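Right, one structure below, let's go through it.
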Amino acid sequence: MPKPARAIAETEAERAGVVRRRFFDRGERQLHFREGGAPGAAPTLVLLHLLPASSRHLVPLMEALAPRHVVAPDLPGLGDSDALDMAEPAIADLAADLLPLIDALGGPVDLYGTHTGACVAVEIAARHPGKVRRLVIDGVPIFDAQTAARFARDYAPAIVPDHDGTHLLRAHGFARDMHLFFPWFDKSAAAARGGGLPDAGSLFAFVTDVLKGLSAIPATYRAAFAYPTETMLAQVPCPTLCLAQRGDMLAGPTRRALELLPFGRLAEIDGDEGDKHAVAAPLSAFLDEAAS
């Protein structure tokens, strides 16, 4: 007996809110990505995560955006994506590696990037304008030359597995202190973020991301700190929304990004950092107005 129409609608709505895990072949390598919703009339929204996390960090946002079709890849070498075959990939290399996945989604996509993901998103939008309809950047890394050099040296120290397991403690300390200080290695009162720690389970999941990306995280951070963000922002040809979240250490640079974009606007978010519904609302409004 066929299901009642209401039951079918409820099932489809439930499925739209499910985030599934998939892989995309890149020759002998694979990119891991998460997918929510289903393709429809609106462009797919591609989400690019921050370091040292993976697309797992974006699952709450993906759920908040349901039923919009969203795809969130793990950047190369992070999460469950295979690393690039190069010792020091640049942001341009990370961006180029994502292009076949974007092409496979069909037509221009909408693109969201946060922190290092914002650098990759800017690179794609600036260098490949036909592939991006609208851009959203949430926390934009813009640093003066001295700060960028200091961060490239100290922000992501190499953590090498050893037999006595001290690398596990170092990875945990790195992940924990990123929540407490900015930069994480500065334990002064002035560097305290003031937000405290997430619950132990969430912190453990973050540590797991760090452990998965141990070999790629330092070089990927160096790529972000070397990226000419200001120069590339000026070359973005599509409408761009800058999201500045309360508690985000990159809120100030994000406001600076607005001055550099040819077609930018700013949304200040008063919700606590991590409140994905607070991010989803202005993001959706920005993307939907193009279709109205």
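The values are calculated or read from the model by the stated rules, or taken from the named source; none is laboratory data. Predicted model, so just to flag it, every value in this text is computed and none were measured. Cβ: placed from backbone, ideal geometry, glycine included. Neighbour counts: every protein chain shown. Note: areas computed on protein heavy atoms with side chains; ligands, DNA, RNA excluded. Shrake-Rupley method; radii C 1.70, N 1.55, O 1.52, S 1.80 Å.
Could you please report the charge total around Phe33, scoring K, R as +1 and D, E as -1 over all other residues with beta-carbon less than 11 angstrom from its beta-carbon?
Values: positive: Arg20, Arg21, Arg22, Arg34; negative: Glu35, Asp74, Asp80.
Every neighbour counted, the sum reads +1.
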## Note on the structure
Expressed per residue, the solvent accessible area of segment 98-229 in Å² (1.4 Å probe) is about 43
### Summary
With the dipole of segment 27-99 defined by +1 on each Lys or Arg Cβ and -1 on each Asp or Glu Cβ, the option from Ser54, Ile91, Ala66 whose Cα lies farthest towards the positive pole is Ala66
### Query
HN-Hα J couplings of segment 28-38 from phi, Karplus 6.51/-1.76/1.60, θ = phi - 60°, integer Hz, Gly and Pro as x?
7, 9, 9, 9, 8, 9, 10, 9, x, x, 9
#### Entry: Choice from Thr166, Thr240, Thr114 showing the highest fluctuation, given a GNM over the chain with Cα pairs closer than 10 Å
Thr166
### Query
P(r) tail for segment 212-253, what percent of Cα pairs lie past 14 Å?
67
### Query
Just the projected area, averaged over all directions, of the convex hull on the alpha carbon atoms of segment 140-292: how many nm²?
10.8
### Task
Step through the residues of segment 164-177 one at a time and calculate ³J(HN,Hα) from phi using the Karplus curve (6.51 cos²θ - 1.76 cosθ + 1.60, θ = phi - 60°), rounding each to whole Hz and writing x for Gly and Pro.
8, x, 5, 5, 5, 5, 5, 5, 5, x, 4, 5, 5, 6
### Message
Quick check for me: using +1 on Lys/Arg Cβ and -1 on Asp/Glu Cβ, what's the dipole size of segment 9-126 about its Cα centre, in debye to the nearest 20?
### Response
300
### Check: segment 70-123 dipole with +1 on Lys, Arg Cβ and -1 on Asp, Glu Cβ, in debye
200
## Note on the structure
Given Cβ charges of +1 for Lys and Arg and -1 for Asp and Glu, the option among Cys119, Met249, Pro100 whose Cα lies farthest towards the positive end of the dipole of the chain is Pro100
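Placing +1 at every Lys and Arg Cβ and -1 at every Asp and Glu Cβ, with all other atoms neutral, what dipole size does the chain have around its Cα centre, in debye to the nearest 20? Could you put the intermediate results ahead of the total?
Numbers: 28 positive and 36 negative charges, 59 e Å.
About 280 debye.
As a test of the formula, what do you get for the chain when each DSSP H run with n ≥ 4 contributes -39,500 (n - 2.57) and the sum is divided by the residue count, at 222 nm and rounded to the nearest 500 deg cm²/dmol? Provide the component values of the computation, followed by the final result.
On the way: 11 runs with 120 residues, N = 292.
Only helices count here, giving -12500 deg cm²/dmol.
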### Query
Lys/Arg Cβ at +1, Asp/Glu Cβ at -1, dipole of the chain taken about the Cα centre: which of Trp184, Leu168, Leu78 is farthest positive-ward?
Leu78
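Rounded to the nearest 0.05, what FRET efficiency do Glu230 and Ala104 give with R0 = 35 Å and r taken as the Cβ-Cβ distance? Could you check? Can you show the working numbers first?
Numbers: r = 31 Å, r/R0 = 0.90.
After rounding, the FRET efficiency stands at 0.65.
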## Note on the structure
At R0 = 30 Å the Cβ-Cβ FRET efficiency linking Arg150 and Phe204, nearest 0.05, sits at 0.55
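Rg to Rh for segment 39-84: what is it, with Cα atoms only and Rh by Kirkwood?
Values: Rg = 11.5 Å, Rh = 11.2 Å.
Result: Rg/Rh = 1.02.
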#### Entry: Cα centroid of segment 16-45 to Cα centroid of segment 192-260, whole Å
22
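Taking Cα pairs under 8 Å and at least six residues apart, what relative contact order does segment 59-214 come out at, in percent? Please report the intermediate quantities before stating the final value.
Numbers: 143 pairs, mean separation 26.2, N = 156.
Once divided by the residue count of segment 59-214, the mean separation gives 17 percent.
In whole percent, and with a 1.4 Å probe on the protein chains, what portion of the accessible area of segment 163-215 is carbon and sulfur?
Working: 1840 of 2940 Å².
For segment 163-215, the apolar C and S fraction of the accessible surface comes to 62 percent.
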### Query
How large is ³J(HN,Hα), in whole Hz, for each residue of segment 252-260 in order, when computed from phi with the Karplus curve 6.51 cos²θ - 1.76 cosθ + 1.60 and θ = phi - 60°, using x for Gly and Pro?
x, x, 5, 5, 5, 4, 4, 6, 9
